[in-house]
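Chemist: Shown below is the structure under consideration.
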Amino acid sequence: LFSFSLAGEEAMMALHSGRYILTRATPRPWGPLTSTNASTSTSSPSVGDGTLFAVVRDAFRDCECSRGDSPLPLSHIVEKTGDASVRVNPEYVADPAKAQVVDLYNSNGETVHRGKGSMELSEFLHSIGTHMSLWTDKGGAMDRSLVIPQSTNEVLMVAPTAFRFNDETAADNFFMHGGGRDHGETSMRQAVLREHAGLYRMLTREVGVKVHLFEHGHHHATPEACFPNNWFSTTVLNPPAPQALQASLDRALVTYPMKCPNRQLERRSDIIDYLLQMESGDDSKRKRYE
């Protein structure tokens with residue numbers, strides 16, 4: 001058993017109106033525990049029945065450092081900038097050896113299972129809707145080598161249900177050839193569909209990515225519709241200050257012109273309408289650009 005360290009600002013951080021409390025634990029836990037003797041102090045925030053404790057572990061710290069060597073204070077890793085926003089030290093995001101993991105417990109000290117086991121700190125913060133930014137030392141420029149690539153847990157895919165060799169794009173695409181025609185378009189398409197189905201299963205079952213899956217038929221006249229990333233992208237316009245909530249972001253759908261006529265047809269109105277309606281809230285926050 002261990003007790004939560006909630007004695008001061010260095011040891012705890014309340015987020016989302018106290019719904020979550022980010023904290024360290026003493027003595028060092030060696031993994032997620034089924035139960036704890038969780039305790040709070042007079043200086044800790046108000047803890048209700050719905051409060052969840054997110055215990056941050058330095059999971060890859062040398063075991064010999066645990067003797068008389070306290071873990072790095074949370075304030076060196078994450079800084080609260082608002083009720084639902086934080087700044088994170090990029091060193092502890094980009095360097096796997098310094099990764100911080102989170103185990104979740106309720107106010108009774110019982111483990112709260114979220115389906116993914118222990119989560120990295122940045123992944124946990126994202127999962128509870130916390131806006132994150134990376135801080136820089138002394139206001140200087142950020143070391144770009146420490147910044148992780150932009151990522152997402154949601155993608156749109158178009159199954160190659162009407163895939164075939166595209167003569168229009170092949171006219172000036174050196175890398176395309178019609179070798180697959182020797183085996184017939186149907187057998188080629190079935191092989192591609194098997195690969196695509198395997199990718200879909202891997203993303204949804206193994207990786208946990210949410211996939212918005214579309215299809216296309218011969219009547220669409222779009223033989224290469226399985227590459228929707230060529231004609232649209234999504235972005236955030238004028239990112240706000242860190243204390244702003246995600247709900248206030250101006251999101252944009254950007255569509256791009258395609259050279260070949262049958263690739264221009266891939267920009268289907270049903271897909272565009274779906275993308276524009278995915279974000280709930282103020283319609284003025286959703287924009288489309290050509």
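The values are calculated or read from the model by the stated rules, or taken from the named source; none is laboratory data. Since this is a predicted model, take the numbers as computed values, not measurements. Note: ideal-geometry Cβ built from the backbone for every residue, glycine included; neighbour counts use all protein chains shown. Only protein heavy atoms, including side chains, enter the accessible area calculation; ligands, DNA and RNA are left aside. Shrake-Rupley method; radii C 1.70, N 1.55, O 1.52, S 1.80 Å.
Chemist: Might you check whether a residue that is in a helix (DSSP H, G or I) and modelled with pLDDT of 80 or more occurs anywhere in the stretch 144-160?
Modeler: Checked the stretch 144-160: no residue is in a helix (DSSP H, G or I) and modelled with pLDDT of 80 or more.
Chemist: Of all residues in the stretch 100-137, count the ones that are in a loop (DSSP other than H, G, I, E, B), modelled with pLDDT under 80 and of a type outside the set (Val, Ile, Thr).
Modeler: 10
Chemist: Which of the residues that make up the stretch 256-266 are open to solvent by 70 Å² or more (accessible area, probe 1.4 Å) and either among the polar types (S, T, N, Q) or within 27 Å of the chain's Cα centre (by Cα) (or both)?
Modeler: Scanning the stretch 256-266 gives Tyr256, Gln264.
Chemist: Further, regarding this structure: How many residues, within the stretch 93-102, are surrounded by 21 or more Cβ atoms within 10 Å (Cβ to Cβ) and not β-branched (Val, Ile, Thr)?
Modeler: The total comes to 1.
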